[in-house]
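The values are calculated or read from the model by the stated rules, or taken from the named source; none is laboratory data. Bear in mind that the values here come from a model prediction, so they are computed numbers and not experimental data. All Cβ positions, even for glycine, are placed from backbone atoms using ideal geometry, and neighbour counts span all protein chains on display.
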Amino acid sequence: MFGHVFIYQMKQLFRQKWSIGWNFCFPLVLATVFFFGFGNLIKEDPDVFKSVEVGYVNETSQEDTLFEQLLDGLTEVDEDSDRDNPLLILHEMTADEAEEKLKAGEISGYYLETTGADSTGADSTEALAKSSAKVGTEAFTEVSTASTETDIKLKITENGIDATILSQVLKSYQNSESMVKRVMEEHPENIQTVMDELTNDNQDFISQKVFNKNVAPFVNYFYALLAMASLFGSWMCTAMLQGMCANMSERGKRFECSPTNKMTAVFAGLLACTILQGLADTIVILYINYVLGIHFGGNLLVVIALSFLASAMGISCGALIAAICKSESLLIGVPIAFSMICSFFSGLMVGNIRAIVEQKCPFFNRINPAAVYVESIYRFCNYGADQKFWNSVIIMVCMTLGCVVLSSLFLRRRSYGSL
Amino acid sequence: MVVYKALLKTIKGKMTSLIIYFVVFAVFGSIVARQNSKSMDSMFEAHQVVIALVDQDDSELSRGIAEAFSQMDKIEKVKASTEDDLKKLNDNVRFDIYDDAILIPSGFEANVLAGHESGAEFLSKGQSASSTLMYTKFNTFVKNVTIYMNAGFSETEAIVNATDDMEKAEPEIEMVKANDKTGHSLMAVMYAFMAYSMMMILSIGIATIISSIKKKDLMARITVSPMSSFRQNLEQVLAITTFGLVVLLAMILVVCIFLGNEADYSKIWYYSINSAALMVVGISFAFFLGTISQDEGVIELVSNMVFLGMSFISGVFVTRDFMSESVLKVAHFLPVYWYVSGTEQIDTAKVSEIWGSGLVGSLVMQLLFALLFMGAGFVVARKKERYVL
């Protein structure tokens, strides 16, 4: 009897157009539009630092100022550094050219170095450095005062990280100037050491820690999409149970009259729903991986296995909803609201919402089936099968079993005097 | 006005769905507008980075680093001792809770002073711009401290001096007005976001009206009624137009309420004209859809698929700056693309130059799409009538 009901439920579910539309086609369409929207961001991470295009205008009497040397140093990548790109791409130009390129958006900003009003010509820290080894302390102070007369102005069009980086470069230069002045005043005998160390760029005091797999954060939208697709199974399940409950439909009345064991039939139906939903999810996973070319970062078979478990969880949640809700409108509205709210909090619309919830109210992430599923797939694809991955799997299994047991309690021992 | 009233009443059955799409626009539209909008600043303001700091060293130098960073950025001290804690921190960086995280291990100060590898690490989203900024600041500060110490200052003096230098550095920065302002004002982003919800509401609402008229039983009753078909059609058109205008006005009202005093209202009429053109597209698409199917589930499913797709590809949800050229080329064949282009053209042009900014072209393209859908709807309706006869 189990097999008989199972096969007929499968046939029936396959013939429901809305089921094919929402459970099979809609996730595929959504994955496609996500791909067109975010695909570019996954393949070419927009957060990756791109060297800042900057102009430099030298209006001083010197050809190669210390600031220009500093800028030149920042256009090279240190071999020992973690960085792939230099900080700056420098373009030396006239003031008019720089203004034009800045306004056209070809450069993020430009430095304008001019001779200060009271400068005597020996107006740079470079001069200070050259004379540092030869002259006495009084001369140091004199040269240092003159060096502050070199004006460096940064011109930008908009605030943002590029502008802040350019400002930071200028700040670093000003820091060095302050340092040289201070050392000259308090420890002039060590000025040469300071100058040597200032020009030594090969000092990295911090390096990047990289975890083994860093899948692009935008892939999280696809994980949330899979969670949504799995929870759509709850609609399928409520529709199936509607056909098995005498108080819901004509078919339900006929079913309740039949001599079939009710729980066996319900479990056969649940299995049929789970397999169908799992198949739908598998198609979506394969589509995302092979057609759209977005890789999850982990073993695809495990991802598919997780999607079957998530489908079972969605179906069992649907069974519980169907067992509790008695009106037809609730049976449509509650599963939709349930799947969409859970999906929202797993990151379907706002990518980092799950992380925000994890900060503010981690318990909610443990009871939200979509978030638990996304957590499991995220952990597996980024960190492998660690403890938290297994915790998520266990929560999914418990949720599935819990919902099935509860819905069985609600559905059992229903008898009618007449139908 | 019996037909007019009856048709508007049929929309009541779909009120829950329509309200959901309306709320989606009101809530998410204002959030997205605030997130994605860019204002033209007249003064330089440094980009503040949110950094999680794990200080296991708790030394004078590590506290100095925290102090120096807190002058420029937002520092949050967190504890992370296990691998799981680090993974959690990594997740928080990946999902923008923090821009970056700095991990200062115990022995850091001793290593720096001895000239060994410091052991300090940072977590970031790949090689992001914020991490580059943080990396530059960190290296500058620690390097300055070591230079001061090598120059004969004590550790405390070196840290105080380096912090003082950072604090006192005030670069002269001048803001220059660019030739082309990118179209990301609050109003432009909110109006662009309107596209999805408005098209969905119009599509579901009007397709429901049209499909209800096409139902066999109702159609038979309408046919035998004494009211002239001209009158019936006129009232149908009036009902649809009324619904469209109510939706449009409600959406504009939401924009005004949610943006309040933050937005510049000098161009609101132009944005509204652009939205009115999209309203016509929505009505004609709904007419087309209503003639194809009378199943409300199918109408909602197809509308969702079509408009969600259009919105993603045309730059409603994801700004066009991030999208590939090829996707944008395909998007030229979609009406929502021209609607978003319209909002950008209005946003970037001066009020007196809006009509010459290409807006007319965008409006014409939208109306052409409306004509196309309307024409297709009439063809399908005619074919279906012939088939029935």
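General remarks:
- Residue in the range B:157-177 that is facing chain A (nearest Cβ under 7 Å), of a type outside the set (Gly, Ala, Ser), in contact with a Leu (Cβ under 9 Å, 6 or more places away or on another chain) and under 28 Å from B:GLU344 (Cβ atoms) present: yes
- From the options B:LEU253, B:LEU334, B:LEU328, B:LEU248, residue that is within 12 Å of chain A (Cβ to nearest Cβ) and at pLDDT 90 or above: B:LEU334
- Residue that is more than 25 Å from B:ALA169 (Cβ to Cβ), of a type in the set (Val, Ile, Thr) and out of contact with any strand residue (DSSP E or B) (no Cβ under 8 Å at 6 or more places or on another chain), where the choices are B:VAL32, B:VAL54, B:VAL112, B:VAL78: B:VAL32
- From the options A:PHE218, A:PHE211, A:PHE232, residue that is within 8 Å of chain B (Cβ to nearest Cβ) and in contact with a helix residue (DSSP H, G or I) (Cβ under 7 Å, 6 or more places away or on another chain): A:PHE211
- On the stretch given as the range B:118-151, residues that are farther than 19 Å from A:GLN203 by Cβ and over 37 Å from the mean Cα position of the chain (by Cα) total 0.
- Subset tally (residues that are surrounded by fewer than 15 Cβ atoms within 10 Å (Cβ to Cβ) and more than 19 Å from B:ASP165 (Cα to Cα)) for the range B:55-73: 1
- Flag if A:LEU198 is within 9 Å of chain B (Cβ to nearest Cβ), touching a strand residue (DSSP E or B) at 6+ places or on another chain (Cβ under 6 Å) and either buried (at least 23 other Cβ atoms within 10 Å of the Cβ) or more than 30 Å from A:VAL303 (Cα to Cα) (or both): no
- Candidates A:ASN368, A:ASN352 - the one that is within 21 Å of the chain's Cα centre (by Cα), away from chain B (no Cβ under 14 Å) and of a type in the set (S, T, N, Q): A:ASN368
- Search result, residues across the range B:314-340 that are assigned to a helix (DSSP H, G or I) and surrounded by fewer than 24 Cβ atoms within 10 Å (Cβ to Cβ): B:ARG320, B:ASP321, B:PHE322, B:GLU325, B:SER326, B:VAL327, B:LEU328, B:LYS329, B:VAL330, B:ALA331
- Some residue of the range A:336-355 being touching a Lys or Arg at 6+ places or on another chain (Cβ under 9 Å), under 23 Å from A:ILE394 (Cβ atoms) and in a helix (DSSP H, G or I): yes
- Pairs are defined by a Cβ separation below 7 Å, a sequence spacing of at least 6 or placement on different chains, a first member in the range A:36-48 that is more than 7 Å from every other protein chain (Cβ to nearest Cβ), and a second member that is at pLDDT 75 or above; the pairs so defined are A:GLY39/A:LEU292; A:GLY39/A:ILE294; A:ILE42/A:ALA216; A:ILE42/A:PHE218; A:ILE42/A:VAL219; A:ILE42/A:ILE294.
- Single condition B:HIS47 does not satisfy, out of (1) touching an Asp or Glu at 6+ places or on another chain (Cβ under 8 Å); (2) closer than 27 Å to A:ASN159 by Cβ; (3) within 13 Å of another protein chain (Cβ to nearest Cβ); (4) surrounded by 14 or more Cβ atoms within 10 Å (Cβ to Cβ): (1)
- If you go through the range A:12-65 and keep only what is under 17 Å from A:ASN220 (Cα atoms) and in a loop (DSSP other than H, G, I, E, B), you end up with A:GLU44, A:ASP45, A:PRO46, A:ASP47.
- Checking each residue in the range B:109-155 for being more than 9 Å from chain A (Cβ to nearest Cβ) and either crowded, with 24+ Cβ neighbours inside 10 Å or in contact (Cβ under 8 Å) with a residue 60 or more places away in the chain (or both) picks out B:VAL145, B:GLU155.
- If only residues of the range A:170-195 that are at the interface with chain B (Cβ under 7 Å from one of its Cβ atoms) and touching a residue at least 12 places away in the same chain (Cβ under 8 Å) are counted, the one that is farthest from the chain's Cα centre (by Cα) is A:VAL194.
- A single member of A:ALA139, A:ALA122, A:ALA163, A:ALA127 is part of a loop (DSSP other than H, G, I, E, B) and either out of contact with any Cys (no Cβ under 7 Å at 6 or more places or on another chain) or at pLDDT 85 or above (or both), and it is A:ALA122.
- All positions within the range B:278-305 that are in contact with a Ser or Thr (Cβ under 8 Å, 6 or more places away or on another chain), assigned to a helix (DSSP H, G or I), surrounded by fewer than 22 Cβ atoms within 10 Å (Cβ to Cβ) and not acidic (Asp, Glu): B:VAL302
Residues checked against (1) in contact (Cβ under 8 Å) with a residue 24 or more places away in the chain; (2) touching a strand residue (DSSP E or B) at 6+ places or on another chain (Cβ under 7 Å); (3) under 20 Å from A:PHE308 (Cβ atoms):
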| position | (1), (2), (3) |
| --- | --- |
| A:PHE345 | yes, no, no |
| A:GLY351 | yes, no, no |
| A:ASN365 | no, no, no |
| A:TYR373 | yes, no, yes |
| A:ARG379 | no, no, yes |
| A:TYR383 | yes, no, no |
| A:PHE389 | no, no, yes |
| A:VAL393 | yes, no, yes |
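- If you go through the range B:6-25 and keep only what is in contact (Cβ under 8 Å) with a residue 40 or more places away in the chain and surrounded by fewer than 17 Cβ atoms within 10 Å (Cβ to Cβ), you end up with B:GLY13, B:VAL24.
- Among the residues of the range B:94-108, those that are within 11 Å of chain A (Cβ to nearest Cβ) and within 24 Å of B:LEU61 (Cα to Cα) comprise B:TYR98, B:ASP99, B:ASP100, B:ALA101, B:ILE102, B:LEU103, B:ILE104, B:PRO105, B:PHE108.
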